[in-house]
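The values are calculated or read from the model by the stated rules, or taken from the named source; none is laboratory data. Small disclaimer: the values here were computed from a predicted structure and weren't measured. Don't worry about glycine lacking a Cβ; one is built from the backbone with ideal geometry, like all the others, and counts go over all protein chains shown.
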Amino acid sequence: MALGLEGARASLEEVASATAKAAVEHLLSLQDPAGWWKGELETNVTMDAEDLLLRHFLGVLDTDVAVPAADWIRSNQDPDGTWATFYGGPPDLSATVEAYVALRLAGEPADLPHMQEAAAWVRAQGGVAAARVFTRIWMAMVGAWRWEDLPVLPAELMFLPPQVPLNIYDFGCWARQTVVALSVVMAHRPARPLPFAIDELVVPGRRAPEPGGFFGALDRLLHRYERLPGWFLPRRVLRRAALRRAESWIVQRQEADGLWGGIQPPVVYSIIALHLLGYPLDHPVIAAAFEGLQAFTIEDERGRRLEACQSPVWDTALAVIALRDAGVGPEHPAIRQASDWLTGEEVTYRGDWAVRRPDLAPGGWAFEFANDHYPDIDDTAEVVMALRRAGHRPEAVTATADACRRGVLWTLGMRSRNGAWGAFDADNCSRLIAALPFCDFGEVTDPPSADVTAHVLEMLAGEPDVPDDIIEGAIDWLWSEQEPEGSWFGRWGVNHIYGTGAVVPALVAAGVPIIDARIRRAVEWLESHQNDDGGWGEDLRSYVDPAWRGRGDSTASQTAWALLALIAAGEAASPAVAGGVAWLVEHQTADGTWDEPQFTGTGFPWDFTINYHLYRLVWPLMALGRYLEAMAGTGVQL
């Protein structure tokens, strides 16, 4: 006999409570004894291909590394012989070129069927000439492409002061560290030839596209500058001084873990740059960098692979919030350990952000274990909320409260002129940078985004003494960013479901009534994009094709984001929320988590995306906890 409406609700709450309890137990089992959580940060095989290329370039590639790396790369090849940059994605030319060359380095013969298929597809797309600039730089470093056929990135860029357009601080921090190191590499134009030719990846007569307009003319002028003879004194003096400045800049920004920025591109290019400047492989700086890369390495039955980054601070903050949402009390040892660890991770160093904010006192948190030069605003907002939710034990109250206070003040000081927040810098919005011929891959600036601004607004809404004009300015900016159909763009998560899942709870927390017509429009958008199975999903293609917005296979993290928005908007008892909760209940695995091969995290929209392995657990737990609280006024009692 079918249950009545009240019985169905009670039944759903009961199974949702059991689902949340299993998720809590699984999440608690993943905590490190030191107090942190860290899920694998999965990206694509270019990380592993470039690791093999780096080791070949430095002369240290051996079979112990190459063979298991090749196993991983090969396992990610699609049936048509290509490689994508995300699960279920279309073939990517640059990824396929780099993966193919890496397999050849690992000893894979070119005449094997899967290699022939890859090479044929690459040729059909225009060959290496049609690949992105960064791929062609790698090919130049291994003698398979001409440096003269690449855009110029002069080391003299180091002389431009922050007030002058195109200076290094106009780049986003991730691009800045990459560009400085690459300017050294491109000044040397090294070539350490591969032990084989890659003619099968080349289309005879095909040339890389040449930039036009002002920047095309500038690039041609810079090429002429590069062709000046070595004895030409002004160029020689400038170049030597620029390289010395770049060397000092790079070395000063090496982190305690031996890496740069905690992300792969600056690390590999900084190693190469310093090596070209004369640093031997056993130099402490280089040795520390390789030790840091080893910490990014995962080896298991699937092969050897590298994380592009690691996210312990972010993961730990989200885990604390999820556990507290699920009713785990502040006195629980896991919450206490996490709170102590997060407090100890506060960044008190004046990093590159101080170039634009010289009078601002340091504070905040970074994403990684060690990245003191680049704390970020998104992490800081989530950590402050996590620490506030965790409560302050008497023996830790002063340290934690002071860290939160400094984090809030630093975040307020990092507000951009438009009243919103980017991730790492304030007012990092140069339009000229993206137009450079060199910048053909991913975001190179860090303008304010709806998701970061929403997390900051949600954090500030719970803080005392925040000026009303700052709250109101953030709200007004978020309204200005709402899409006509009701959603918000997601800069750091995929995509409009992530943006909307961040913004709606923040607006409600800041006092916007749930009956506001714009909140109702967001609710309608989410409800209209719910899948027939009750869940939500959004394919990465939404970054390049609006028809994909809010469309895709249901995933645990994206279903949770939609639920967080709907519950905040007062829709906990709605059929849409019931369907989403039921999807989470039905798809939980036996060990208390969820399967999620899809990439729902974003590094660069479309160009570089991420599968955060902890997203499939922490976000659903948050959603289930808030659902149960909204329906019953209690959490899951543990």
Restrict the check to region 385-398 and report whether at least one residue is among the hydrophobic types (A, V, I, L, M, F, W, C), in contact with a Gly (Cβ under 8 Å, 6 or more places away or on another chain) and within 24 Å of residue 25 (Cβ to Cβ). yes
The condition of being part of a helix (DSSP H, G or I), among the small types (Gly, Ala, Ser) and in contact (Cβ under 8 Å) with a residue 24 or more places away in the chain holds, among 84, 49, only for 49
Within region 428-439, is even one residue aliphatic (A, V, I, L, M) and not in a helix (DSSP H, G or I)? yes
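Considering each of 91, 68 in turn, give the residue that is over 30 Å from residue 342 (Cα atoms) and touching a strand residue (DSSP E or B) at 6+ places or on another chain (Cβ under 8 Å). Steps first, please.
Details: 91 fails: touching a strand residue (DSSP E or B) at 6+ places or on another chain (Cβ under 8 Å).
Sole residue among the options that is over 30 Å from residue 342 (Cα atoms) and touching a strand residue (DSSP E or B) at 6+ places or on another chain (Cβ under 8 Å): 68.
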Determine whether region 167-177 contains at least one residue that is in contact with a helix residue (DSSP H, G or I) (Cβ under 6 Å, 6 or more places away or on another chain) and of a type in the set (S, T, N, Q). yes
Looking only at region 322-352, count how many residues are among the small types (Gly, Ala, Ser) and either surrounded by fewer than 17 Cβ atoms within 10 Å (Cβ to Cβ) or without any contact (Cβ under 8 Å) to a residue 60 or more places away in the chain (or both). 3
Among the residues of region 124-143, are any more than 21 Å from residue 50 (Cα to Cα), part of a helix (DSSP H, G or I) and assigned by TED's automatic domain parsing to the domain that holds residue 67? yes
Listed residues 184, 164; which is among the aliphatic types (A, V, I, L, M), within 15 Å of residue 269 (Cβ to Cβ) and out of contact with any strand residue (DSSP E or B) (no Cβ under 9 Å at 6 or more places or on another chain)? 184
Just checking, how many residues over region 518-574 are under 18 Å from residue 605 (Cβ atoms) and surrounded by 16 or more Cβ atoms within 10 Å (Cβ to Cβ)? 16
Sort out which residues of region 199-246 are modelled with pLDDT of 90 or more, of a type in the set (Lys, Arg) and loosely packed, with under 12 Cβ neighbours inside 10 Å, and write them in order of number. 224
Checking 408, 355 in turn, the sole residue that is β-branched (Val, Ile, Thr) and crowded, with 20+ Cβ neighbours inside 10 Å turns out to be 408
Assuming residue 402 fulfils every condition listed in (1) assigned to a helix (DSSP H, G or I); (2) under 29 Å from residue 307 (Cβ atoms) apart from one, which condition is it? (2)
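Does residue 471 fit the bill of being surrounded by 24 or more Cβ atoms within 10 Å (Cβ to Cβ), modelled with pLDDT of 95 or more and not aromatic (Phe, Trp, Tyr)?
Details: surrounded by 24 or more Cβ atoms within 10 Å (Cβ to Cβ): no; modelled with pLDDT of 95 or more: yes; not aromatic (Phe, Trp, Tyr): yes.
No; evaluated as a whole, the condition is false for this residue.
I'd like the residue in region 474-505 that is touching a strand residue (DSSP E or B) at 6+ places or on another chain (Cβ under 9 Å) and assigned to a loop (DSSP other than H, G, I, E, B) and, out of all such residues, is surrounded by the fewest Cβ atoms within 10 Å (Cβ to Cβ).
492
Which count do you get for residues in region 90-105 that are in contact with a Pro (Cβ under 9 Å, 6 or more places away or on another chain) and aliphatic (A, V, I, L, M)? Steps first, please.
First pass over region 90-105, keeping only residues in contact with a Pro (Cβ under 9 Å, 6 or more places away or on another chain): 104-105.
Subset that is aliphatic (A, V, I, L, M): 105.
Counting residues in region 90-105 that are in contact with a Pro (Cβ under 9 Å, 6 or more places away or on another chain) and aliphatic (A, V, I, L, M) gives 1.
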Which one is farthest from residue 287 (Cα to Cα), of the residues in region 52-81 that are among the aliphatic types (A, V, I, L, M) and assigned to a loop (DSSP other than H, G, I, E, B)? 61
Residue 361 meets each of (1) outside any helix (DSSP H, G or I); (2) at pLDDT 95 or above; (3) within 25 Å of the chain's Cα centre (by Cα) with one exception, condition (3)
Only one of (1) assigned to a loop (DSSP other than H, G, I, E, B); (2) touching a His at 6+ places or on another chain (Cβ under 9 Å); (3) at pLDDT 95 or above does not apply to residue 597, and that is (2)
Return only the number of the condition from (1) modelled with pLDDT of 95 or more; (2) out of contact with any helix residue (DSSP H, G or I) (no Cβ under 7 Å at 6 or more places or on another chain); (3) not in a helix (DSSP H, G or I) that residue 371 does not satisfy. (1)
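Going by the conditions given, is residue 387 buried (at least 17 other Cβ atoms within 10 Å of the Cβ), more than 21 Å from the chain's Cα centre (by Cα) and closer than 30 Å to residue 219 by Cα? Quick ask: steps written out before the conclusion?
Details: buried (at least 17 other Cβ atoms within 10 Å of the Cβ): yes; more than 21 Å from the chain's Cα centre (by Cα): yes; closer than 30 Å to residue 219 by Cα: no.
So residue 387 fails the test.
Among the residues that make up region 230-238, is at least one of them out of contact with any Gly (no Cβ under 7 Å at 6 or more places or on another chain), in contact (Cβ under 8 Å) with a residue 40 or more places away in the chain and under 23 Å from residue 439 (Cα atoms)? Working first, answer last.
First pass over region 230-238, keeping only residues out of contact with any Gly (no Cβ under 7 Å at 6 or more places or on another chain): 230-235, 237-238.
Next cut, in contact (Cβ under 8 Å) with a residue 40 or more places away in the chain only: 238.
Those left that are additionally under 23 Å from residue 439 (Cα atoms): none.
No, every residue in region 230-238 fails to be out of contact with any Gly (no Cβ under 7 Å at 6 or more places or on another chain), in contact (Cβ under 8 Å) with a residue 40 or more places away in the chain and under 23 Å from residue 439 (Cα atoms).
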Selection count where residues are of a type in the set (A, V, I, L, M, F, W, C), under 15 Å from residue 141 (Cβ atoms) and outside any loop (DSSP other than H, G, I, E, B), scope region 186-201: 2
Over region 162-185, the set of residues of a type in the set (S, T, N, Q) and not in a helix (DSSP H, G or I) is 163, 167
Restricting attention to region 147-159, does a residue exist that is assigned by TED's automatic domain parsing to the domain that holds residue 64 and under 24 Å from the mean Cα position of the chain (by Cα)? no
Name the single residue, out of those in region 118-144 being surrounded by fewer than 21 Cβ atoms within 10 Å (Cβ to Cβ) and among the charged types (D, E, K, R), that is nearest to residue 269 (Cα to Cα). 132
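Looking at 444, 452, 466, which is the one that is touching a residue at least 24 places away in the same chain (Cβ under 8 Å), assigned to a helix (DSSP H, G or I) and among the aliphatic types (A, V, I, L, M)? Before the answer, list the steps.
On the way: 444 fails: assigned to a helix (DSSP H, G or I); 466 fails: assigned to a helix (DSSP H, G or I).
After ruling out the rest, the residue left standing is 452.
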Return a yes/no flag: does region 310-330 have any residue that is of a type in the set (Lys, Arg), modelled with pLDDT of 95 or more and touching a strand residue (DSSP E or B) at 6+ places or on another chain (Cβ under 9 Å). no
State which residue pairs qualify: first residue farther than 11 Å from residue 559 by Cα and inside region 570-587, second residue β-branched (Val, Ile, Thr) and buried (at least 18 other Cβ atoms within 10 Å of the Cβ) in any location, beta carbons under 7 Å apart, and separation of 6 or more residues or different chains. 571/523; 571/577; 585/19
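Within region 517-543, restricting attention to residues that are of a type in the set (Asp, Glu) and outside any loop (DSSP other than H, G, I, E, B), which residue is farthest from residue 579 (Cα to Cα)? Working first, answer last.
Restricting attention to region 517-543, the residues satisfying the condition of being of a type in the set (Asp, Glu) are 524, 527, 532-533, 538-539.
Filter again for outside any loop (DSSP other than H, G, I, E, B), leaving 524, 527.
Details: 524: 15, 527: 10 Å.
Going through the qualifying residues, I end up with 524.
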